[in-house]
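So the structure is just underneath, and the comments pick up after that.
The values are calculated or read from the model by the stated rules, or taken from the named source; none is laboratory data. Since the model is a prediction, treat every value here as computed from it, not as a measurement. As a convention, Cβ positions derive from the backbone with ideal geometry for all residues, glycine included, and neighbour counts pool all protein chains shown. Note: areas computed on protein heavy atoms with side chains; ligands, DNA, RNA excluded. Shrake-Rupley method; radii C 1.70, N 1.55, O 1.52, S 1.80 Å.
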Amino acid sequence: MRVLVAGGGISGTVTAMAAKLAGHDPVVFEAYPAGGDDIGAFLTIMHNGMDALRAIGADRPVIDASFAAYGVELVAPTGETVGQNEFDTEGRDRPRTLTRATLYRALQDEAARRGVPLKRGKRLVGARTGAGGVTAEFADGTTETGDVLVGADGLRSVVRRLIDPAADEPRYTGLTIVYGYTRAPGLPSAPGLYRMVRGSKAAFGFTTDPDGATFWFARIPDTERPRDEIAAVTPAGWREFAHAAFAGEPLPCAEIIAATGDEVFGGHSYDVPETRVWSTPEMVLTGDAAHAASPAAAQGASMALEDGVILAQCLRDLPDPVSAFTAYEGLRRERVEKLVAASAGQDVGEKPGWVYEHHIDWDTKIGG
């Protein structure tokens, strides 16, 4: 089966690798000539995400490109530590932190090593179905035909609209997220630990990588602004915006932000609480295209990784795409919608422990 995958990010590359392992012929189409959307952010792949990678033997490149996360420390507006949670790793993979750009590169390089084609500069704009399967249409005027089309094309998914023209738009969470990186000396250190700070106006988190760089993020309540206005904000603008949210407080947040140069990136946070229709006989959604979550639970990447592996198992074990897509949705919908709801209601630092125990055995057969 020829599997067309729209999107060369986390979900797309892993879906393609898993589909190839399942005996299919995948090809990935990436909209960007290089890099990708939200490339400045960093993330943590939690236990369940690393488990999904391990199921298809793709965990080692990510481990080699990342550093371990051992736990979370909660800090009150007064600066007092009010809680500490060490990640339980007994029988499970340890969470890993890395930049989104590094993760994309690691997964894309591993997909290429496995013989999965990735075609860049291919922005999907439409698709038509027929007796021969599905034909994907790209902005450059080219087309590609396959048996199925996987929409791994993110929050603003084109495939979601192709499947259901009446699909809801992503929901603004009321937060703007700013990410930054600094190597300035003398800053508070949190090696292998996420120190989560609750300010009076906003939330802040930071960790320190093994080379001494501080990775930080701020979750700031904000009114929604037009996308072109957000895209035009400079690094200095994002730094000033984040600094203002913590100025004058007895916390290290403002100090860390002020010590950051141009490695500052920001944007609004959106989620997709429910996607009414996940598939047609020829098309199906994975990752953020199906169920984007607020970053509070640190599960967006991990849930996308689970999706890709389980979808490939369904395509491997069931007799046709319709049966496979039905089984895949049955295995995924309740879990991911529960996660999106939990994430939307969480404070920074809280973790939904029920998600971590999820385990994928690649050799387990999927029933109808």
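With the structure loaded, tell me whether Leu331 is open to solvent by less than 50 Å² (accessible area, probe 1.4 Å) and aliphatic (A, V, I, L, M) or whether it fails that test. Spelling it out, it is not the case that Leu331 is open to solvent by less than 50 Å² (accessible area, probe 1.4 Å) and aliphatic (A, V, I, L, M). List the pairs whose first member sits in region 3-28 and is touching a residue at least 12 places away in the same chain (Cβ under 8 Å), whose second member is among the acidic types (Asp, Glu) and part of a loop (DSSP other than H, G, I, E, B), and whose Cβ atoms are under 6 Å apart, counting only residues at least 6 apart or on separate chains? Correct list of pairs: Ala6/Asp153; Gly7/Asp153. Annotation note: of Thr143, Thr129, the sole residue that is surrounded by fewer than 17 Cβ atoms within 10 Å (Cβ to Cβ) and within 24 Å of Arg316 (Cα to Cα) is Thr129. Consider Arg239 carefully, then state whether it is more than 30 Å from Lys338 (Cα to Cα), in contact (Cβ under 8 Å) with a residue 24 or more places away in the chain and either part of a loop (DSSP other than H, G, I, E, B) or out of contact with any Cys (no Cβ under 7 Å at 6 or more places or on another chain) (or both). So Arg239 passes the test.
Of all residues in region 102-126, exactly one satisfies the criterion of being in a loop (DSSP other than H, G, I, E, B) and open to solvent by 70 Å² or more (accessible area, probe 1.4 Å), namely Arg123.
Conditions (1) touching a His at 6+ places or on another chain (Cβ under 9 Å); (2) under 24 Å from Ile163 (Cα atoms), marked per residue:
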site: Arg219; (1), (2): no, no
site: Thr234; (1), (2): no, no
site: Thr275; (1), (2): yes, yes
site: Ala290; (1), (2): no, yes
site: Ala297; (1), (2): no, no
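Quick grid of which residues meet (1) open to solvent by less than 10 Å² (accessible area, probe 1.4 Å); (2) in contact with a Gly (Cβ under 6 Å, 6 or more places away or on another chain); (3) within 30 Å of Val159 (Cβ to Cβ):
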| site | (1), (2), (3) |
| --- | --- |
| Phe206 | yes, no, no |
| Ala232 | no, no, yes |
| Ile257 | yes, no, no |
| Val272 | yes, no, yes |
| Trp278 | yes, no, yes |
| Ala293 | no, yes, yes |
| Leu311 | yes, no, yes |
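Residues of region 297-308 that are assigned to a helix (DSSP H, G or I) and either free of Cβ contacts under 8 Å to residues at least 24 places away in the same chain or open to solvent by 10 Å² or more (accessible area, probe 1.4 Å) (or both): Gly300, Ala301. Within the bounds of region 282-289, is there any residue that is in contact with a Gly (Cβ under 9 Å, 6 or more places away or on another chain), open to solvent by less than 10 Å² (accessible area, probe 1.4 Å) and either part of a helix (DSSP H, G or I) or of a type in the set (Ser, Thr, Tyr) (or both)? Yes, that holds for at least one residue. The criterion of at least 1 residues that are free of Cβ contacts under 8 Å to residues at least 40 places away in the same chain is met by the following strands (runs of 3 or more DSSP E) wholly inside region 46-101: 81-86. Total residues in region 208-218 satisfying the condition of being touching a residue at least 40 places away in the same chain (Cβ under 8 Å) and either of a type in the set (A, V, I, L, M, F, W, C) or open to solvent by 40 Å² or more (accessible area, probe 1.4 Å) (or both): the figure is 5. Quick check on my filter: what residues within region 10-31 are within 18 Å of the chain's Cα centre (by Cα), assigned to a strand (DSSP E or B) and not acidic (Asp, Glu)? Across region 10-31, the qualifying residues are Val28, Phe29.
Return the residue satisfying two criteria in turn: it lies in region 32-58 and is over 16 Å from the mean Cα position of the chain (by Cα) and open to solvent by less than 30 Å² (accessible area, probe 1.4 Å), and of such residues it is farthest from Ala324 (Cα to Cα).
Applying the filter and picking the extreme gives Ala58.
Screening Leu339 on (1) at pLDDT 90 or above; (2) open to solvent by less than 10 Å² (accessible area, probe 1.4 Å) shows it passes everything except condition (1). Among the candidates Pro165, Pro221, Pro191, Pro185, the residue that is open to solvent by 40 Å² or more (accessible area, probe 1.4 Å) and under 22 Å from the mean Cα position of the chain (by Cα) is uniquely Pro221. Take the conditions (1) in a loop (DSSP other than H, G, I, E, B); (2) modelled with pLDDT under 95; Tyr194 misses just one of them, which is (1).
Considering Glu80, Glu30, the condition of being acidic (Asp, Glu) and at pLDDT below 95 is satisfied by Glu80 alone.
Would you mind stating whether Asp317 is closer than 18 Å to Val178 by Cα and among the acidic types (Asp, Glu)? Answer is no for this residue.
Determine, yes or no, whether Val322 is in contact with a Pro (Cβ under 7 Å, 6 or more places away or on another chain), β-branched (Val, Ile, Thr), outside any loop (DSSP other than H, G, I, E, B) and touching a residue at least 12 places away in the same chain (Cβ under 8 Å). Write out each step before concluding.
Working: in contact with a Pro (Cβ under 7 Å, 6 or more places away or on another chain): yes; β-branched (Val, Ile, Thr): yes; outside any loop (DSSP other than H, G, I, E, B): yes; touching a residue at least 12 places away in the same chain (Cβ under 8 Å): yes.
Against the criterion (in contact with a Pro (Cβ under 7 Å, 6 or more places away or on another chain), β-branched (Val, Ile, Thr), outside any loop (DSSP other than H, G, I, E, B) and touching a residue at least 12 places away in the same chain (Cβ under 8 Å)), Val322 qualifies.
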